[in-house]
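J.: Handing you a structure now.
Here, each number is a calculation from the coordinates, and none is a lab measurement. A quick note: this is a predicted structure, and the numbers were derived from the prediction, not measured. Cβ coordinates were reconstructed from backbone atoms using ideal geometry, including for glycine residues, and neighbour counts include every protein chain displayed.
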């Protein structure tokens, strides 16, 4: 039995124990009701702990899917994905788009747009001149 089916079975057992607890609370005047309730509670706690362990095992044993890995790599699929992403970027940022001239073969590792150093130097010079005029 795989872990997923086992987990469903444990969840069903937990619900059965909950029903037993409810029935024992309804029949609280009977002799064994308190004992039945405590047994169901203990069993339910044990099942919950077992379910947590199974979920942990499921999460640790599920293989990770890495689409760029292995011999089954589909270049056309990745190119189509990258082209769609660059198209969407161009739609989202139609003006002054720093990613307008990117190469789609580079994929998602898009280069940072270059900062125009000349403009920043001109701005710094202008600020310097203004400060001199003002007297700061």
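J.: Between residue 85 and residue 45, how many nm apart are label points set 7 Å from Cα along the C-beta direction?
T.: So the label points at residue 85 and residue 45 sit 5.0 nm apart.
J.: Give me the extension gain from residue 31 to residue 125: residue separation times 0.36 nm, minus the current Cα-Cα distance, reported in nm with one decimal.
T.: That works out to 24.5 nm of additional length.
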